[in-house]
Amino acid sequence: MAIPLPGRQVRGSTTGKPIMALLDLLGRTWSLGIIWHLHTGPATFRELQQRCEKISPTLLNTRLKELKTLQLIESQASGYQLSQQGIDLFAIISPLGSWSLQWAQALKEESKL
């Protein structure tokens, strides 16, 4: 599967609109999870693998290459970390964490009825 670049055909869009390229990327297994786990700080490959619930090394390597190519993460001496673009993206998706907790609670309360 090719890296979803804006302007190129991606899953769900023949024109490769930027939002569709982003949604294609974030819909890939562990892409969003890697971004989510890196918001807590830099991590080596092994540390990130632990944070991501023992993701396979092959899949982690693939996703890291994609995220680096798309300038959402970068590698430093301390390991992988979010780039400024990645930090900006996390700020947008972070509220989903709070919302998901409220949603889970509502579902839990609903199931008690």
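Things to note:
- Where trypsin sites (Lys or Arg not before Pro) fall in DSSP loop in the range 1-92, at most 12 other Cβ within 10 Å: LYS54
- Net charge dipole, the range 18-107: roughly 220 debye, given to the nearest 20, about the Cα centre with Cβ charges of +1 for Lys and Arg and -1 for Asp and Glu.
- Listed residue (CYS52, THR62, LEU72) projecting farthest to the positive dipole end of the chain, Cβ model: THR62
- Extension reserve of the ILE87-TRP103 stretch, reckoned as 0.36 nm per residue once the Cα distance is removed: 3.3 nm
- The mean sequence separation of alpha-carbon pairs under 8 Å and at least six residues apart, normalised by the residue count of the chain, gives a relative contact order of 18 percent.
- Reach of LYS17 by Cα under 16 Å, taken over lysines that are not fewer than 8 positions away in the same chain: none
- Exposure proxy order (Cβ contacts within 10 Å, fewest to most) of MET20, MET1: MET1, MET20
- Under 5 Å, built H, 5+ apart or other chain: amide partners of ILE73: LYS68, SER83
- Phi to ³J(HN,Hα) by Karplus 6.51 cos²θ - 1.76 cosθ + 1.60 over the range 7-24, Hz, x for Gly, Pro: x, 10, 4, 10, 4, x, 7, 7, 8, x, 4, x, 5, 6, 5, 5, 5, 4
- Cα-based Rg and Dmax for the chain, where Dmax is the largest Cα-Cα distance (Å): 15.8, 53
Bear in mind that the values in this text are calculations on the coordinates, not laboratory data. Please read these numbers as outputs of a predicted model, since none were measured by experiment. Cβ: placed from backbone, ideal geometry, glycine included. Neighbour counts: every protein chain shown.
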